[in-house]
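> Structure provided below as structure tokens; questions to follow.
The values are calculated or read from the model by the stated rules, or taken from the named source; none is laboratory data. Small disclaimer: the values here were computed from a predicted structure and weren't measured. Here the Cβ positions follow ideal geometry from the backbone for every residue, glycine too, while neighbour counts run over all protein chains shown. Please note that ligands, DNA and RNA were not included when accessible areas were found on the heavy atoms of the full protein model with its side chains. Shrake-Rupley method; radii C 1.70, N 1.55, O 1.52, S 1.80 Å.
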Amino acid sequence: MSNLDKTMIFRPDQESELLNEIITGVVPALREQGYDAARQLAGFLVTGESNYITSANNARATMAKMDRLIAVEQILNDYFKLKGL
């Protein structure tokens with residue numbers, strides 16, 4: 001039986017703090033440049049295309065440190081907590 005037959009479990013606890021630091025640094029840079037931060041981050045998370053992130057304030061290089069899968073998982077977990085799910 002291969003590992004593909006089993007559900008994988010991710011444990012992003014250590015990544016959560018890094019994600020928080022990255023997002024709190026990148027969002028202001030996007031807004032300062034006049035972008036809708038949520039839309040730009042969503043584009044980056046879905047496609048992995050760095051052009052969604054401004055290079056101002058080193059935001060693009062900062063985003064390159066982010067694991068997109070862990071970021072999406074953390075965002076969903078936060079949403080679930082907010083909604084009581």
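> List every residue whose amide H lies under 5 Å from the amide H of Asp67, counting only residues 5 or more places away in sequence or on a different chain, with H placed 1.01 Å from N in the peptide plane.
For Asp67, whose amide H was placed from the backbone, there are no distant partners under 5 Å.
> Given the whole protein assembly as supplied and a 1.4 Å probe, what does the accessible area of Leu85 come to in Å², nearest 10?
Answer for Leu85: close to 150 Å² accessible.
> A further question follows. Nearest 20 debye, what's the magnitude of the dipole of region 28-85 about its Cα centre given +1 on Lys and Arg Cβ and -1 on Asp and Glu Cβ?
Details: 7 positive and 6 negative charges, 15 e Å.
It comes to approximately 80 debye.
> How large is ³J(HN,Hα), in whole Hz, for each residue of region 36-44 in order, when computed from phi with the Karplus curve 6.51 cos²θ - 1.76 cosθ + 1.60 and θ = phi - 60°, using x for Gly and Pro?
For region 36-44, the Karplus curve yields 7, 4, 5, 5, 5, 5, 4, x, 5 Hz.
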